[in-house]
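Below you'll find the structure, written out as structure tokens, and then a few comments.
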């Protein structure tokens with residue numbers, strides 16, 4: 001996967017000027033990338049660094065973030081070179097990101113992501129990243145174990161994935177949380193959730209979903225976090241504290257009602273709140289107030305614009321064959337009696353009176369056979 005061209009990897013300190021991004025002074029290691037190869041022709045350092053981040057993404061978190069920090073610095077210097085912005089002597093990444101000219105041409109969301117890479121990369125390099133401990137990870141994965149165990153074993157779709165499910169139930173598989181495990185949870189377990197028995201559990205599951213969305217918005221520092229927080233407070237406020245099961249959770253309810261408690265709340269704190277309150281969410285009262293009246297829409301119709309068109313069913317295939325057999329059986333009984341059929345067989349002209357008599361005889365034999373239907377399936381081409 002890697003062709004070694006030089007024993008050392010590029011670092012930000014090896015860049016003497018922005019032009020080095022396009023014309024490196026010395027050969028560097030070549031690392032194939034899955035998502036950054038489009039940069040190789042113009043900026044092969046960026047493509048190589050992208051390949052390193054992909055290689056370290058699951059095996060070495062610190063190394064991955066360190067490479068991402070270097071990638072951000074290379075990228076910023078490339079932008080300075082492309083837009084011909086002035087770089088002061090010994091400018092570091094923070095100085096470049098704070099440059100007024102750079103900020104004027106860079107969207108705020110891109111600046112935020114570059115600062116995030118700078119901060120996380122610095123923490124990774126200096127060993128202050130504080131990764132999630134194994135004990136915390138096991139605590140986060142406990143709900144997966146419970147959910148997998150709750151899948152109904154008698155369901156045919158569950159039985160088809162029995163081997164994959166049993167593999168995830170083995171000791172240590174979820175705790176390791178490898179890339180293969182995450183793929184199985186997403187591609188195998190998640191689609192099977194539609195078969196879980198949720199009767200009577202809807203309020204608790206809806207509360208789980210709300211807290212999960214709030215956790216994601218909190219991690220992403222999204223503005224949606226405030227709306228989701230208010231929705232959570234509204235649901236908790238509708239719990240009747242006069243009921244004994246609800247009164248037992250009063251300290252947690254009071255904490256959940258305080259907006260200040262969400263300012264420093266971590267994902268673990270939100271999950272603890274979810275665990276405490278999900279069991280009593282079935283007692284929440286429905287919101288009161290005037291209900292909206294049903295809307296009635298009266299569409300004016302003009303009878304003069306009505307159009308009536310007869311619809312004739314065209315038989316085909318076996319239906320047409322059955323219809324033909326039915327007609328032939330009726331006519332076969334009339335061959336010796338009908339003058340019209342005798343003349344047709346002899347190739348002689350048929351009088352209108354004889355045809356009218358034939359139609360009447362057919363209707364006597366089978367009242368559901370009509371001439372217009374016969375002509376619809378077998379048009380008269382004469």
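The table for this structure:
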{"quantity": "Reciprocal of mean inverse Cα separation for region 318-377 (Kirkwood radius, Å)", "calculated": "12.1 Å"}
{"quantity": "Expected 222 nm ellipticity per residue - DSSP helices of 4 or more, -39500 (n - 2.57), all of the chain, to 500", "calculated": "-16500 deg cm²/dmol"}
{"quantity": "Residue with peak Gaussian network fluctuation, the chain [Cα springs, cutoff 10 Å], from 168, 39, 210", "calculated": "39"}
{"quantity": "Spatial separation of Cα centroids for region 69-113 and region 316-382, in angstrom", "calculated": "90 Å"}
{"quantity": "Helix 318-334 vs. the chain, principal-axis angle (Cα, 0 to 90°, nearest 10)", "calculated": "0 degrees"}
{"quantity": "Neighbour-count order for 195, 162, fewest beta carbons within 10 angstrom listed first", "calculated": "162, 195"}
{"quantity": "Cα-based Rg of the chain normalised by 2.2 N^0.38 Å, two decimals", "calculated": "1.82"}
{"quantity": "Residues 306, 89, 262 arranged by fewest to most Cβ contacts within 10 Å", "calculated": "89, 306, 262"}
{"quantity": "Contact order normalised by residue count of the chain, Cα under 8 Å, 6+ apart, percent", "calculated": "8 percent"}
{"quantity": "Ascending count of other beta-carbon atoms within 10 Å, so fewest first, for 295, 182, 229, 213", "calculated": "295, 182, 213, 229"}
{"quantity": "Choice from 316, 63, 98 showing the highest fluctuation, given a GNM over the chain with Cα pairs closer than 10 Å", "calculated": "316"}
{"quantity": "Inter-part distance where region 203-272 and region 170-195 are each reduced to a Cα centre, Å", "calculated": "27 Å"}
{"quantity": "Fluctuation leader among 263, 61, 90 - the chain, Gaussian network, Cα springs under 10 angstrom", "calculated": "90"}
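Here, each number is a calculation from the coordinates, and none is a lab measurement. Please read all numbers here as calculations on a predicted model, not as lab measurements. With ideal geometry, Cβ positions are generated from the backbone for all residues, glycine too; neighbour counts draw on all protein chains shown.
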